[in-house]
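For reference, the structure is listed below as structure tokens.
The values are calculated or read from the model by the stated rules, or taken from the named source; none is laboratory data. These numbers were taken from a predicted model, which means no experiment stands behind them. A quick note on method: Cβ atoms are made from the backbone with ideal geometry, for glycine too, and the neighbour counts reach across all protein chains shown.
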Amino acid sequence: MELALDLHSHSVFAGGTQSLKISPETISSNRKKALEHLTKITETMPLKGIDVIGTGDSQFTQWTEILKSELTEEKSGIYIFQGSSTPAFMLQTELIFTAPIGKRSKIVHVVFLFPDFSTIDSLNDLLEKWEVKQKKMARPFIKCGDPGEVGKRINSILDIDSLIDAIPAHIMTPQGVFGSNIRINKLDKFFGTASPRLKIFETGLSADPVFLGLIPELDDKILISNSDAHSSSLHRMGREFTVISCHDRTYSSILDSLRKGKIVFTAEFPPEEGRFFLTGHRGGRKKPGLHHENEYCFFSPQHVPDNDRCPICHKSLTIGVFQRCVEIGRAQGAHRNLIDVKPKQHFIHMVPLIDILSHILIIKTKTSKSIISHYQKIVEILGPESHLWQISSAEIRSKLEGVISEPILSAILEVKAGNFTFKPYGYDGEYGSLEIGQRGNYKDVKVINSSRSNKALTEFLK
């Protein structure tokens with residue numbers, strides 16, 4: 001059987017979501033919001049076509065107690081909510097490891113999968129032993145003295161049970177192992193002795209199997225894609241997913257398929273849409289006087305200024321995923337080109353249907369009733385959104401023509417044909433802005449927009 005998985009998400013307790021206050025007085029209201037979160041996931045994921053989703057934050061006490069009381073184990077390690085078989089849930093969390101490298105501390109996010117609640121209890125025993133401040137943090141920081149200790153602690157978690165797995169998250173973004181938050185070029189420079197045990201890696205929104213194909217160390221790794229959703233909204237969860245072939249819908253079978261690389265395909269954000277794709281600085285950066293709203297710059301790797309310095313503010317640029325993939329590949333002795341990379345597993349670039357509708361209807365609020373209404377109408381006809389990217393354009397036209405507006409139908413077919421780009425591309429924490437009906441060239445980009453002296457900029461770039 002085939003299953004669509006999205007195994008990296010967050011509960012309402014995690015930072016970057018609703019970030020609920022944690023205190024004895026808020027337990028009742030928190031429980032209500034948490035149940036609303038579960039209910040919404042159960043309602044929306046069938047529309048996306050996601051069969052199994054990660055719970056997020058499964059070690060966090062308030063969330064754990066809700067999961068224990070509200071989820072029923074359908075099969076070994078697979079849980080359902082209120083009798084609904086789709087989606088099913090797997091116990092999952094994201095832990096944040098930090099360790100000094102040089103004079104600064106590197107922060108790396110890692111997803112963990114658990115077969116049952118008893119293994120989560122054992123994890124919490126370890127966190128308490130390590131004096132991790134977890135009581136009020138759904139995504140706790142595990143502070144380590146050096147990469148050697150990172151490796152020992154990951155190994156300790158994996159040694160709890162052979163069915164626990166660790167998946168380095170969004171590996172090219174700033175909080176990924178290969179990201180720009182302190183640049184390293186080999187996995188063991190952060191993960192230490194745990195590196196050989198890490199077999200599955202998450203591509204993240206700003207990378208895909210082609211870009212990661214520039215890095216030799218990842219050649220024998222399994223690549224999966226997840227949404228890393230910080231919300232239960234339709235446009236967040238399921239925006240990336242992985243389809244696997246497995247024997248049945250049990251935890252052990254799913255994990256076995258992942259470990260053996262039985263990947264039918266991954267559905268990926270186009271990397272150029274991701275928030276950290278190109279190197280650059282956005283307009284209106286936080287520090288006063290650093291950049292005005294109309295001052296920004298972004299670059300493909302060959303155009304990045306010397307020493308990675310911004311030509312506008314002269315501070316260090318936010319290094320993009322594209323640049324990091326090239327850098328790491330060269331540091332590992334390879335000089336591969338994107339055009340020559342042949343991914344070992346099939347993948348598709350998918351612009352979420354919600355984003356297409358938002359673009360055509362010119363509605364920025366992606367949770368608007370108009371967008372949701374159009375979305376539901378389309379999936380009622382075609383089936384779950386995941387099917388949209390697997391069926392032919394001819395079938396889409398035959399089923400939707402005359403039922404939805406021609407501009408929306410044309411936009412869907414243009415995206416299916418690959419006739420879309422982003423202006424600008426994603427950079428420095430900003431998502432790329434979708435343009436439909438044309439193709440772009442992110443391999444040769446050099447944009448500097450500033451009201452400051454052109455002469456000063458020219459001198460700086462020499």
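Couple of notes before you dig in:
- Within the span defined as region 117-129, every residue fails to be in a loop (DSSP other than H, G, I, E, B), touching a strand residue (DSSP E or B) at 6+ places or on another chain (Cβ under 8 Å) and assigned by TED's automatic domain parsing to the domain that holds Glu94.
- Residue list for region 284-316, restricted to those being free of Cβ contacts under 8 Å to residues at least 60 places away in the same chain, under 29 Å from Lys189 (Cα atoms) and not in a strand (DSSP E or B): Pro301, Val304, Asp306, Asn307, Asp308, Cys310, Lys315
- Within region 390-406, the set of residues being out of contact with any His (no Cβ under 8 Å at 6 or more places or on another chain) and either among the aliphatic types (A, V, I, L, M) or loosely packed, with under 11 Cβ neighbours inside 10 Å (or both) comprises Ile391, Ser392, Ala394, Ile396, Ser398, Leu400, Glu401, Gly402, Val403, Glu406.
- The single residue among Lys364, Lys377 that is loosely packed, with under 15 Cβ neighbours inside 10 Å and over 22 Å from Ile50 (Cα atoms) turns out to be Lys364.
- Evaluated against (1) assigned to a helix (DSSP H, G or I); (2) under 21 Å from the mean Cα position of the chain (by Cα), Ile378 falls short on exactly one condition, (2).
- Selection within region 67-97 - assigned to a strand (DSSP E or B), under 24 Å from Arg153 (Cβ atoms) and not charged (D, E, K, R): Met90, Leu91, Gln92, Thr93, Leu95, Ile96, Phe97
- From the options Phe269, Phe276, residue that is in contact (Cβ under 8 Å) with a residue 40 or more places away in the chain, in contact with a Pro (Cβ under 7 Å, 6 or more places away or on another chain) and under 30 Å from Ser386 (Cβ atoms): Phe276
- Here Glu74 clears all of (1) modelled with pLDDT under 95; (2) closer than 21 Å to Phe241 by Cβ; (3) buried (at least 19 other Cβ atoms within 10 Å of the Cβ); (4) of a type outside the set (S, T, N, Q) except the condition numbered (3).
- On inspection, Lys446 qualifies as basic (Lys, Arg), at pLDDT 90 or above and closer than 30 Å to His291 by Cβ.
- Among residues of region 281-308, those that are surrounded by fewer than 16 Cβ atoms within 10 Å (Cβ to Cβ) and basic (Lys, Arg), counted: 2
- Criterion (assigned by TED's automatic domain parsing to the domain that holds Gly284 and touching a Lys or Arg at 6+ places or on another chain (Cβ under 6 Å)) met by exactly one of Tyr425, Tyr431: Tyr431
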